[in-house]
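Asker: Before I ask anything, let me first share the structure, which is written out below as structure tokens.
Read-outs throughout are calculated quantities, based only on the coordinates presented, and are distinct from any laboratory measurement. The shown structure was predicted, so the numbers you read here are calculated from the model rather than taken from an experiment. In this analysis, Cβ positions are derived from the backbone assuming ideal geometry, glycine residues included, and neighbour counts consider all displayed protein chains.
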Amino acid sequence: MSPQHLQNTVQYAGFWRRLIALFLDIILFTILSAPIMYILIGHDYFFWLAGNELQLKDIPALPFVLHKLFFFIALFLFWKTIATTPGKLLMGCHIVDANTLAAITYKQALIRLAGYFISALPLYLGFVWAAFDKRKQALHDKLANTLVMYQSDDYANQSIEKLQAEFFNDAGKAI
């Protein structure tokens, strides 16, 4: 695929795409961490997952704190190493510096992570901000000077002639 074509298909990731990606990340992390939490806590972990906090009054808080901490550490490591998370990857998104469109720095990743907590106050309005921003930046993106970009693999908006020309041009280079 030509660089010109890539430029035409990269766009800001919208609110709903980002929300689905976050839910995918939470589901994946929960699936991967559930066996560990079950070993540490026992079957009461599933009461906690279901939101039944009353069943957990006699269980130490440390495993739950570690569970949340590991999730945020995983986010940070994914952002910094591969510029995305598994959920964002499934949704075709990646995180870049807002000025250069290059990989984010450690400082930006830390600010973005801290910004998640700020975005959650009050009522997750910092996340909803992305729905109304012209560059689809949530509050944590603005704080860290980052963008979440989406690259479409959809060729439906291209003419058949252009697709054929690109295919045969790329096929000719491979021979």
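Asker: Given H placed 1.01 Å from N in the peptide plane, which residues other than close sequence neighbours of residue 104 have an amide H under 5 Å from its amide H?
Answerer: Amide H to amide H, under 5 Å and 5 or more residues apart or across chains, residue 104 pairs with 97.
Asker: Do the alpha carbons of any pairs in 107/142; 88/134; 88/136; 80/134; 88/162; 68/88 sit beyond 22 Å of each other, and which pairs?
Answerer: Numbers: 107/142 14 Å; 88/134 20 Å; 88/136 15 Å; 80/134 25 Å; 88/162 29 Å; 68/88 19 Å.
In this structure, 80/134; 88/162 lie more than 22 Å apart at Cα.
Asker: What residues from segment 66-88 fall in the zone where the backbone N is under 20 Å from a label point 7 Å along the Cα-to-C-beta line of residue 39?
Answerer: The answer is 66-74, whose backbone nitrogens lie closer than 20 Å to the label point.
Asker: For segment 68-113, rounded, prolate or oblate, judged on the Cα gyration tensor with a ≥ b ≥ c (square roots of eigenvalues), a/c < 1.5 rounded, else prolate if a/b > b/c?
Answerer: Here segment 68-113 falls in the oblate category.
Asker: Can you list residues from other chains, or at least 5 along the same chain, whose modelled amide H is less than 5 Å from the amide H of residue 12?
Answerer: The answer is 150.
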